[in-house]
Amino acid sequence: MASRFDNLTASQKLSIQKNIQADNTSAFLAVQLKFDSETIRLWTGTGTLALDSNTYLGAGNLLNVSAVEDDSELSSKGLDISLAGMDENIVNLALSENYQNRQVTVFMGFLSGNNEVASSFIFFRGRIMNMSISDGPSNNTVSIECENRLVDFARPSQLRYTKASQQNLFPGDKGLDFVQSLQEADINWGPSKASGGGSAGGNVGANPIDAERSIRQE
């Protein structure tokens, strides 16, 4: 069965194994949502958490992440994130931002105490597909549906081997500037044929001995 742990290095696997067996560690999840205007970082604990030089705000039980299944095939498995009782800032992002296809990264890790990260790894990476708000009498809940990045392999590419596509990806590159002119170009492949006629001495296919006798007779 394929597993998200298969891509971890040997040192990461050893660190995870040690933390699972330790008595004074606890697991956590951290969510990073990259919107156009700003990046939201939350984690399932309290207070702040420093992870990969970024600060995550504690949401406690208000942050819920659904389970992700691993199977025997390399397939796309989605994930759902719910944020309950969020402040006005996050609600406004859900209402006003262009959220579709924005990047989502979920980290899983272990704490060694005092919100210090002992080890962590990327648990899920994908994009936001849909976002909805449930307005209740006591609080607001933001539900986020995410798709795995593996779904990109099933999408047809909109790029072409043309100058316009190349300039869109690499402005100033001239690698495909002449592709259009090559479509109607008349290109002759292979060696050119030798023309006939001329004297025996000028015959490319003549026997060298016969050519020498001809010259002596003259």
By how many nm would the segment from Lys18 to Val91 lengthen if fully extended, with 0.36 nm per residue of separation less the alpha-carbon distance?
22.4 nm
Straight-distance crosslink candidates among lysines, where the alpha carbon sits under 21 Å from Lys77 and sequence neighbours closer than 8 are dropped:
Lys34
Expected vector for region 169-184, Karplus 3J(HN,Hα) from phi with 6.51, -1.76, 1.60 and θ = phi - 60°, integer Hz, x for Gly and Pro, equals 7, 10, x, x, 6, 10, x, 10, 5, 9, 5, 5, 5, 6, 5, 10
Given a 1.4 Å probe and heavy atoms of the protein chains only, how would you sort Asp52, Asp186, largest accessible area at the top?
Asp186, Asp52
Excluding ligands and nucleic acids, what accessible area in Å² is computed for Leu14 using a 1.4 Å probe, to the nearest 10?
90 Å²
Counting only protein heavy atoms and leaving out ligands, DNA and RNA, the solvent-accessible surface of Ser143 at a 1.4 Å probe, in Å² to the nearest 10, equals 50 Å²
The lysines whose Cα lies under 28 Å from the Cα of Lys163, excluding any fewer than 8 residues away in the same chain, are Lys174
Between Phe123 and residues 5 or more places away or on another chain, the pairs with built amide H atoms under 5 Å apart involve Val106, Phe107, Met108
If each residue of separation counts as 0.36 nm, what is the full-extension length gain between Asp36 and Asn188 once their alpha-carbon separation is subtracted?
49.5 nm
How big is the accessible area of Tyr99 in square angstrom, nearest 10, if you roll a 1.4 angstrom probe over the protein chains?
50 Å²
Amide proton proximity set for Leu51, modelled H, under 5 Å, gap of 5+:
Tyr56
So for Val68, Val142, what's the accessible-area order with a 1.4 Å probe, most first?
Val68, Val142
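The values are calculated or read from the model by the stated rules, or taken from the named source; none is laboratory data. The structure displayed is predicted, hence computed values, not measured ones. The accessibility values were calculated without ligands, DNA or RNA, using every heavy atom of the protein model including side chains. Shrake-Rupley method; radii C 1.70, N 1.55, O 1.52, S 1.80 Å.
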